[in-house]
Each structure stands twice: as C-alpha cells, then as structure tokens.
Amino acid sequence: MKLVFVCPQHNAAFETDDYRVLNNKGVVLDGDGNKILDAKVALNAPCPFCGAQHVYPASELSCPLGR
C-alpha cells in the first residue's frame, strides 16, 4: 500500500510503497482517548526531494484511503 509522506526540508508531498514499520507497539489510546498506531515508518529509499531517508511517527502520516 502506498502511503503519503511529506519531505520536512521541502514541505513537498510524495507517495511510495517503499517503506518499513519500526518500533511497532500496536494501537494505543492518546490523551484524548483516540486510537493511534504507536509506531514509526521509515523510508527504504532516499526522499525524492532531498535525498534523506526520513523516519516518521505513524501518527503524522495521512491515510491514503481517506482521500
């Protein structure tokens, strides 16, 4: 599944399915009682805009199914 990422250096969005999930602690409740995935998502390939291999908290990613 492709996810939407935003390059933090250029504020530019891109989609890719070349990522991996790290530190997956499963679904937890946040301070407001909302369910969130407590994990990080890392790019396997360099960012197409800056060349870095960013790591994002799962909570910062847009849901590709909600568009």
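List of remarks:
- Projected area, mean over directions - the chain, Cα convex hull, nm²: 4.9 nm²
- Rolling a 1.4 Å probe over the protein heavy atoms of the chain, with every protein chain left in place, gives an accessible area that is 49 percent carbon and sulfur.
- Heavy-atom accessible surface of the chain, averaged per residue, reaches 69 Å², computed with a 1.4 Å probe.
The values are calculated or read from the model by the stated rules, or taken from the named source; none is laboratory data. The shown structure was predicted, so the numbers you read here are calculated from the model rather than taken from an experiment. These area figures cover heavy atoms from the full protein model, side chains too; ligands, DNA and RNA do not enter into them. Shrake-Rupley method; radii C 1.70, N 1.55, O 1.52, S 1.80 Å.
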